[in-house]
């Protein structure tokens, strides 16, 4: 283990990954989502993609200590008790589909629907009524499935939150708690698939502190009263997710 840790610390480009991890934490602490969009492209250029995915899942565990406790007080807790377990179930199904099916058509459909929903929100559209428990369960299953199958977990969830009547503080808090909890529940599946290797675990552990520092900075930058600023940042991050998710980039 000491030798493996020494190899991790000597990894070429580790300093760059640390800087990117801090930036990803800042975005997550402020917006409640979007950290993977920053971390994954940079990390995958330095370490194997599978290691990067698993390492980031381990790194993100630090958010359970740094930002989740404060966000939990502001979140829609009644909705989260339904959203989190159904999303975890949906993600497991989505990951299975990812391994067994040709997802090109699904990826185009998800990107298209996400883009149309974003345009509708920018133009001022909102849901007229509060979603029921059954609606939360459906959103959880659908969001988890899409997250597992095509990687669009955060943007889909935050679009659902932004379409509601809650303010910026509640939207951010609910999304943040949802993503942190769902990502944690998916870790056992990664272990069963053999993704939590020693290099992934050590890399994730090394990056925990930079991510924690970044997420705390982002949380301090968030100002609940500045609804327009929060929505603007969220829309930009979602647009970046759509661009990254376009199948033509393959």
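Selection of helices (runs of 4 or more DSSP H) fully inside the stretch 58-153 by the criterion of at least 2 residues being out of contact with any helix residue (DSSP H, G or I) (no Cβ under 9 Å at 6 or more places or on another chain), surrounded by 19 or more Cβ atoms within 10 Å (Cβ to Cβ) and on the phi > 0 side of the Ramachandran plot returns nothing.
Each row is one residue, and each column tells you yes or no for (1) assigned to a helix (DSSP H, G or I); (2) in contact with a strand residue (DSSP E or B) (Cβ under 6 Å, 6 or more places away or on another chain); (3) more than 27 Å from residue 82 (Cα to Cα); (4) touching a residue at least 60 places away in the same chain (Cβ under 8 Å).
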position	(1), (2), (3), (4)
188	yes, no, no, no
203	yes, no, yes, yes
209	yes, no, yes, yes
232	yes, no, yes, no
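Residue count for the stretch 205-234, restricted to those that are surrounded by 14 or more Cβ atoms within 10 Å (Cβ to Cβ) and farther than 18 Å from residue 29 by Cβ: 2. Summed over the stretch 182-196, the residues that are more than 18 Å from the chain's Cα centre (by Cα) and surrounded by fewer than 16 Cβ atoms within 10 Å (Cβ to Cβ) give a count of 4.
Of the residues 38, 47, the single one that is in a loop (DSSP other than H, G, I, E, B) and surrounded by fewer than 22 Cβ atoms within 10 Å (Cβ to Cβ) is 47. Screening residue 38 with (1) without any contact (Cβ under 8 Å) to a residue 40 or more places away in the chain; (2) under 21 Å from residue 237 (Cβ atoms); (3) over 16 Å from the mean Cα position of the chain (by Cα) gives one miss only, at (3).
Read-outs: derived from the displayed coordinates by stated rules, not from any lab. These figures come from a predicted structure and were not determined experimentally. Counting neighbours? That spans all protein chains shown, and the Cβs are built from the backbone with ideal geometry, glycine included.
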